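Inspection log for the structure reproduced underneath, given as structure tokens.
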């Protein structure tokens with residue numbers, strides 16, 4: 001289910017780590033997204049962009065990503 005390599009253009013979900021520390025975490029989404037992969041950095045993290053086209057400034061570690069499947 002988990003992939004380590006994502007290609008540019010693929011849709012992914014990002015694990016919401018802030019929710020894991022909260023007491024009411026069961027009522028909140030575990031993942032944010034979908035986001036589109038822009039590129040992979042030399043360090044192995046991924047640069048993502050939102051569906052409206054805005055690109056994130058920070059790289060996201062591969063272990064926080066989950067492939068997104070359209071219904």
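What follows draws every value from the coordinates through simple rules; no lab data is involved. Treat the numbers as computed from the prediction; the structure is a model and nothing was measured. Don't worry about glycine lacking a Cβ; one is built from the backbone with ideal geometry, like all the others, and counts go over all protein chains shown.
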Residues in the stretch 46-66: is at least one touching a helix residue (DSSP H, G or I) at 6+ places or on another chain (Cβ under 8 Å), surrounded by 12 or more Cβ atoms within 10 Å (Cβ to Cβ) and under 17 Å from residue 6 (Cα atoms)? yes
Out of all the residues in the stretch 1-44, which are in contact (Cβ under 8 Å) with a residue 40 or more places away in the chain and crowded, with 16+ Cβ neighbours inside 10 Å? 6, 10, 11, 12, 13, 14, 15
